Amino acid sequence: MHHYLIVFLISMVPLIELRGAIPYAVAANNLGADLNMVIVYIIAIIGNMLPVPLIYFFARKVLIWGKDKKYIGKFFTFCLEKGEKGGRKLQEKAGRGLFVALMLFVGIPLPGTGAWTGTLAASILDMGFKKSVIAVMLGVVMAGVIMGLASMGLFGAIGAIFAPK
(Lines give C-alpha, C1' and ligand atoms only; values in the text may rest on other atoms or scores of the structure.)
Protein backbone atom coordinates (compact mmCIF):
# COMPACT_ATOMS: atom_id res chain seq x y z
CA MET A 1 0.00 0.00 0.00
CA HIS A 2 2.84 2.40 0.77
CA HIS A 3 4.08 2.11 -2.85
CA TYR A 4 0.76 3.52 -4.08
CA LEU A 5 1.14 6.47 -1.70
CA ILE A 6 4.68 7.05 -2.94
CA VAL A 7 3.42 7.00 -6.56
CA PHE A 8 0.77 9.55 -5.62
CA LEU A 9 3.26 11.85 -3.89
CA ILE A 10 5.92 11.60 -6.62
CA SER A 11 3.34 12.44 -9.28
CA MET A 12 2.57 15.71 -7.47
CA VAL A 13 6.19 16.94 -7.42
CA PRO A 14 6.94 19.69 -9.97
CA LEU A 15 9.24 18.68 -12.84
CA ILE A 16 9.12 14.99 -11.78
CA GLU A 17 5.38 14.26 -11.95
CA LEU A 18 4.35 11.01 -13.67
CA ARG A 19 7.71 10.90 -15.39
CA GLY A 20 9.09 9.74 -12.08
CA ALA A 21 6.05 8.11 -10.49
CA ILE A 22 5.40 5.50 -13.16
CA PRO A 23 9.03 4.37 -13.53
CA TYR A 24 9.16 4.13 -9.73
CA ALA A 25 6.14 1.80 -9.76
CA VAL A 26 7.57 -0.33 -12.57
CA ALA A 27 10.88 -0.62 -10.71
CA ALA A 28 9.06 -1.47 -7.47
CA ASN A 29 7.14 -4.19 -9.33
CA ASN A 30 10.38 -5.60 -10.71
CA LEU A 31 11.63 -5.80 -7.12
CA GLY A 32 8.55 -7.76 -6.04
CA ALA A 33 6.03 -5.10 -4.96
CA ASP A 34 3.19 -6.66 -7.03
CA LEU A 35 1.46 -3.36 -7.87
CA ASN A 36 -1.53 -3.25 -10.18
CA MET A 37 -0.33 -1.00 -13.01
CA VAL A 38 -3.84 0.16 -13.89
CA ILE A 39 -4.29 1.39 -10.32
CA VAL A 40 -0.78 2.93 -10.42
CA TYR A 41 -1.67 4.75 -13.62
CA ILE A 42 -4.94 6.12 -12.18
CA ILE A 43 -3.26 7.18 -8.92
CA ALA A 44 -0.42 8.89 -10.81
CA ILE A 45 -2.87 10.81 -13.01
CA ILE A 46 -4.93 11.92 -10.00
CA GLY A 47 -1.79 12.98 -8.15
CA ASN A 48 -0.48 14.87 -11.16
CA MET A 49 -3.81 16.63 -11.80
CA LEU A 50 -4.58 17.52 -8.17
CA PRO A 51 -2.40 20.67 -8.10
CA VAL A 52 -3.62 21.93 -11.51
CA PRO A 53 -6.47 24.17 -10.26
CA LEU A 54 -4.22 25.70 -7.60
CA ILE A 55 -1.48 26.32 -10.15
CA TYR A 56 -3.92 27.86 -12.60
CA PHE A 57 -5.53 30.26 -10.14
CA PHE A 58 -2.71 31.08 -7.72
CA ALA A 59 0.78 30.18 -9.01
CA ARG A 60 1.29 33.24 -11.18
CA LYS A 61 0.15 35.55 -8.35
CA VAL A 62 2.44 33.85 -5.82
CA LEU A 63 5.41 33.85 -8.20
CA ILE A 64 4.97 37.55 -9.00
CA TRP A 65 4.66 38.32 -5.28
CA GLY A 66 7.81 36.33 -4.40
CA LYS A 67 10.13 37.21 -7.26
CA ASP A 68 11.67 40.16 -5.41
CA LYS A 69 11.94 38.46 -1.99
CA LYS A 70 15.39 37.85 -0.56
CA TYR A 71 15.49 34.07 -0.10
CA ILE A 72 12.95 32.84 -2.62
CA GLY A 73 13.30 35.48 -5.33
CA LYS A 74 15.70 33.62 -7.61
CA PHE A 75 13.65 30.42 -7.58
CA PHE A 76 10.35 32.25 -8.05
CA THR A 77 11.81 34.29 -10.90
CA PHE A 78 13.10 31.08 -12.52
CA CYS A 79 9.64 29.48 -12.28
CA LEU A 80 7.87 32.57 -13.61
CA GLU A 81 10.29 32.93 -16.51
CA LYS A 82 9.95 29.21 -17.31
CA GLY A 83 6.15 29.53 -17.44
CA GLU A 84 6.30 32.70 -19.52
CA LYS A 85 8.85 31.19 -21.90
CA GLY A 86 6.75 28.04 -22.24
CA GLY A 87 3.63 30.12 -22.85
CA ARG A 88 5.30 32.25 -25.52
CA LYS A 89 6.75 29.19 -27.23
CA LEU A 90 3.37 27.48 -27.23
CA GLN A 91 1.61 30.54 -28.60
CA GLU A 92 4.21 31.06 -31.35
CA LYS A 93 4.05 27.47 -32.52
CA ALA A 94 0.34 26.93 -32.07
CA GLY A 95 -1.38 30.10 -33.11
CA ARG A 96 -5.04 29.09 -33.00
CA GLY A 97 -4.21 25.46 -32.13
CA LEU A 98 -3.21 26.34 -28.58
CA PHE A 99 -5.33 23.56 -27.05
CA VAL A 100 -3.53 20.84 -29.03
CA ALA A 101 -0.16 22.49 -28.46
CA LEU A 102 -0.75 22.58 -24.70
CA MET A 103 -1.86 18.93 -24.71
CA LEU A 104 1.28 17.89 -26.62
CA PHE A 105 3.52 20.10 -24.45
CA VAL A 106 2.24 18.34 -21.33
CA GLY A 107 2.01 14.91 -22.96
CA ILE A 108 5.46 14.55 -24.43
CA PRO A 109 7.62 13.58 -21.45
CA LEU A 110 10.63 15.83 -21.80
CA PRO A 111 12.44 17.72 -19.03
CA GLY A 112 10.66 20.96 -18.22
CA THR A 113 7.33 19.95 -19.68
CA GLY A 114 4.36 18.58 -17.78
CA ALA A 115 1.22 19.55 -15.92
CA TRP A 116 2.87 22.15 -13.68
CA THR A 117 4.64 24.07 -16.45
CA GLY A 118 1.77 23.61 -18.91
CA THR A 119 -0.81 24.88 -16.44
CA LEU A 120 1.35 27.87 -15.51
CA ALA A 121 1.81 28.67 -19.21
CA ALA A 122 -1.96 28.37 -19.82
CA SER A 123 -2.59 30.69 -16.87
CA ILE A 124 -0.10 33.25 -18.17
CA LEU A 125 -1.73 33.05 -21.62
CA ASP A 126 -5.20 33.47 -20.05
CA MET A 127 -6.29 30.37 -21.94
CA GLY A 128 -9.37 29.71 -19.82
CA PHE A 129 -9.68 27.30 -16.91
CA LYS A 130 -11.88 24.59 -18.41
CA LYS A 131 -9.99 24.46 -21.71
CA SER A 132 -6.64 24.41 -19.88
CA VAL A 133 -7.64 21.62 -17.50
CA ILE A 134 -8.94 19.43 -20.34
CA ALA A 135 -5.79 19.98 -22.44
CA VAL A 136 -3.54 19.30 -19.44
CA MET A 137 -5.55 16.20 -18.47
CA LEU A 138 -5.28 14.75 -21.98
CA GLY A 139 -1.56 15.52 -21.94
CA VAL A 140 -1.11 13.85 -18.57
CA VAL A 141 -2.93 10.74 -19.82
CA MET A 142 -0.69 10.70 -22.91
CA ALA A 143 2.47 11.17 -20.83
CA GLY A 144 1.37 8.34 -18.54
CA VAL A 145 0.96 5.94 -21.45
CA ILE A 146 4.32 6.94 -22.93
CA MET A 147 6.11 6.63 -19.57
CA GLY A 148 4.42 3.31 -18.80
CA LEU A 149 5.44 1.79 -22.12
CA ALA A 150 8.95 3.23 -21.94
CA SER A 151 9.45 2.13 -18.33
CA MET A 152 8.21 -1.38 -18.88
CA GLY A 153 10.40 -1.73 -21.95
CA LEU A 154 13.51 -0.32 -20.29
CA PHE A 155 13.11 -2.08 -16.95
CA GLY A 156 12.00 -5.28 -18.68
CA ALA A 157 15.17 -5.26 -20.76
CA ILE A 158 17.36 -4.55 -17.73
CA GLY A 159 15.60 -7.33 -15.81
CA ALA A 160 16.15 -9.77 -18.66
CA ILE A 161 19.87 -8.92 -18.76
CA PHE A 162 20.49 -9.19 -15.02
CA ALA A 163 17.93 -11.83 -14.02
CA PRO A 164 19.45 -14.99 -12.55
CA LYS A 165 19.31 -17.95 -14.91
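The values are calculated or read from the model by the stated rules, or taken from the named source; none is laboratory data. Everything numeric here is computed off the predicted structure, so don't read it as measured data. Cβ atoms come from the backbone with ideal geometry, glycine included; neighbour counts cover every protein chain shown. Note: accessible area is taken over every heavy atom of the protein model, side chains too, but ligands, DNA and RNA are not part of it. Shrake-Rupley method; radii C 1.70, N 1.55, O 1.52, S 1.80 Å.
Remark: spin-label model distance I72-I6 equals 3.0 nm, labels positioned 7 Å along the Cα→Cβ axis. Taken about its Cα centre, region 50-93 carries a charge dipole of about 80 debye when Lys and Arg each add +1 at the Cβ and Asp and Glu each add -1 at the Cβ. Rolling a 1.4 Å probe across the protein heavy atoms gives region 1-102 an accessible surface of 62 Å² per residue. May I ask for log10 I(q)/I(0) of the chain at q = 0.14 Å⁻¹, from a Debye sum over the Cα atoms as equal point scatterers with solvent left out? Log10 of I(q)/I(0), two decimals: -0.72. Distance between the C-alpha centres of region 63-89 and region 19-56: 28 Å, rounded to the whole angstrom. Considering only alpha-carbon pairs that sit under 8 angstrom and 6 or more positions apart, the relative contact order computed for the chain is 26 percent. Between E92 and L149, the FRET efficiency estimated from the beta carbon spacing at R0 = 30 angstrom works out to 0.50.
Please work out the ratio of the alpha-carbon Rg of region 1-41 to 2.2 N^0.38 Å and round it to two decimals.
Working: Rg = 9.3 Å, N = 41, 2.2 N^0.38 = 9.0 Å.
Relative to the 2.2 N^0.38 Å estimate, region 1-41 comes out at 1.03.
Within the straight-line cut-off of under 17 Å between alpha carbons, the lysines reachable from K69 are K61, sequence neighbours fewer than 8 places apart in one chain being disregarded. Annotation for L54 and K130: the two label points, set 7 Å from Cα along the Cα-Cβ direction, are 2.5 nm apart.
Using a probe of 1.4 Å on the protein chains alone, the accessible area found for F58 is around 110 Å².
May I ask which residue of V62, V38, L120 lies farthest towards the positive end of the charge dipole of region 24-165, with charges of +1 (Lys, Arg) and -1 (Asp, Glu) on Cβ and the Cα centre as origin? Most positive-ward Cα: V62. Taking other residues whose beta carbon is less than 15 angstrom from the beta carbon of F129, and scoring Lys, Arg as +1 and Asp, Glu as -1, yields +3.
Dimensions of region 10-75 based on its C-alpha atoms, expressed as ranges along the principal axes with the largest first, amount to 48, 23, 12 Å. For the chain, adding -39500 (n - 2.57) for each run of n ≥ 4 DSSP H residues and dividing by the number of residues yields -24000 deg cm²/dmol at 222 nm. Test of understanding: what is the full-extension gain from L31 to E84, defined as 0.36 nm times their sequence separation minus their Cα-Cα distance? Full extension from L31 to E84 adds 15.0 nm. Excluding same-chain neighbours fewer than eight residues apart, the aspartates and glutamates reachable from K89 by a Cα-Cα span under 20 Å are E81, D126.
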